[in-house]
């Protein structure tokens, strides 16, 4: 039976059903061959603005109170799958007359990996106006390696009038942990003493002074270590938010809370000070730390030094023809404090491609938020899990070991690696492998500096040239 005969004898409803089936199968095939673009972030995270109020003094000069604080935004992964290489960007305030990011505070915060239902607690240091009741909106955007982004929508910050009073949480004592080296996470422990509260709110802040250097000292986490006199409510040991909007109940007039804030040193050669404060609803009025800014409560963060050195090596150093080599990057911490670094960037020589991280490497996919793919050329980049991995122990080391393939072309193959810890980039350092028998001399790096000699008419040029992986210094004198 040919198709024409079958069509003539078949009821129209069957022909229509067959047509729809063919259309469905064609659509399905097209979807498999040409899948639509996807946005892995679409509807996959929720945002919570934790800190809605900024404290201003109402019973003294406004200037005597805090004019800075940390905003906290909690981001929860609701997608059911792990997010990787994730970043959050603060998009600014709708009214810069009301609030701004503090000097040095970065809008972009790298989250890295976020497991299903996990919460990333993000902090942005902000300064704000002296006008009571001023309000402004802001938003936060998430992005990763996938197309598209996800925005929080408008979140709000409002200044409010508060009395300077002991009931708002006077600072009893504060203590900074030992050490200060680049990459180190250091605890700042503050004990506040609160008055009486009946189902009120409560806020805790490590910094209220606008001259704090948030670029070089990053708040990474906070937690309530202990409480006394709090009869019920959310402020308990282990709580980890900067603000609790309701349900705080205390007994008596002296109710201590010990909070631990952890800061990470991201620069060298910079010092700063912190002036902690807190606030709470007591006696029907919002009150804040009455001894804010008192000399006894101010903590100085000392200058951080750089504890890191690193080297790079390659084996074998010679191949008769192209093939696999193994590179080792060894990072050493010469201080007596554990410290973290963030990024390894390895620029492969032309024609080389990344292979794999070997089994005995300390840096691997499990403790990294981003790793290079097999076959990567150019620059291979590894990123840590922020504040969680790549901790180099005191007086210890950590290694990255990986393979690469060099082409079967006779040449000198020199590659360089840099290290990033906080805001400090180190390196580069180099390693060289030789393939075959190179016949040409190639200048791999070149630099020149000039220095005046005794006579102003004389100058000495120091020329540094790397040839075949070896630096050669040449001195030229010009009269």
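Every number here is computed from the coordinates shown, using simple stated rules; none is lab data. Model, not experiment: these values are computed from the prediction. Every residue, glycine as well, gets a Cβ built from its backbone with ideal geometry; the counts of neighbours run over all protein chains shown.
Computed from the Kirkwood radius of its Cα pairs, the Stokes-Einstein diffusion coefficient for the stretch 216-347 at 25 °C and 0.890 mPa s stands at 125 µm²/s. Beta bridges assigned by DSSP with both partners in the stretch 165-301 are antiparallel in approximately 100 percent of cases.
Please order 199, 87 by the number of other Cβ within 10 Å, starting at the fewest. Walk me through the numbers before you get to the answer.
Details: 199 11, 87 14.
Exposure proxy ranking, most exposed first: 199, 87.
With the simple model of a label 7 Å out from the Cα in the direction of the Cβ, residue 130 to residue 46 spans 4.1 nm.
For residue 317 and residue 388, FRET efficiency with R0 = 51 Å and r from the beta-carbon atoms, rounded to 0.05?
Numbers: r = 35 Å, r/R0 = 0.69.
So the FRET efficiency works out to roughly 0.90.
Placing pseudo-labels 7 Å out from each Cα toward the beta carbon at residue 151 and residue 226 gives an inter-label distance of 4.7 nm. The alpha carbon convex hull volume per residue for the stretch 45-163 rounds to 94 Å³. Among 267, 216, the order by Cβ neighbours within 10 angstrom, fewest to most, reads 267, 216. With a cut-off of 18 Å on the backbone N, the residues of the stretch 390-431 near the modelled label site 7 Å out from residue 178 along Cα-Cβ are 392-396.
Rounded to the nearest 0.05, what FRET efficiency do residue 199 and residue 403 give with R0 = 45 Å and r taken as the Cβ-Cβ distance? Could you check?
On the way: r = 62 Å, r/R0 = 1.38.
Once rounded, the FRET efficiency stands at 0.15.
Using alpha carbons only, the radius of gyration of the stretch 153-239 set against its Kirkwood radius gives Rg/Rh = 0.98.
Spin-label model, residue 326 to residue 189: label points 7 Å out along the Cα-to-beta-carbon direction sit 4.5 nm apart. Taking other C-beta atoms within 10 Å as the exposure proxy, 207, 358 rank 358, 207 from fewest upward.
Taking the square roots of five times each eigenvalue of the Cα gyration tensor of the stretch 167-292, the equivalent ellipsoid has semi-axes of 28, 14, 11 Å, listed largest first.
Under the 0.36 nm per residue contour assumption, what length would be gained going from the current alpha-carbon distance of residue 418 and residue 117 to full extension? Could the numbers behind the result be given before it?
Details: separation 301, 0.36 × 301 = 108.36 nm, distance 3.45 nm.
Fully extending the segment from residue 418 to residue 117 adds 104.9 nm.
Stretching the chain fully between residue 59 and residue 103 yields a gain of 13.0 nm (0.36 nm per residue, less the alpha carbon separation).
The length gained on full extension between residue 76 and residue 291, counted as 0.36 nm times the residue separation minus their Cα-Cα distance, comes to 73.8 nm.
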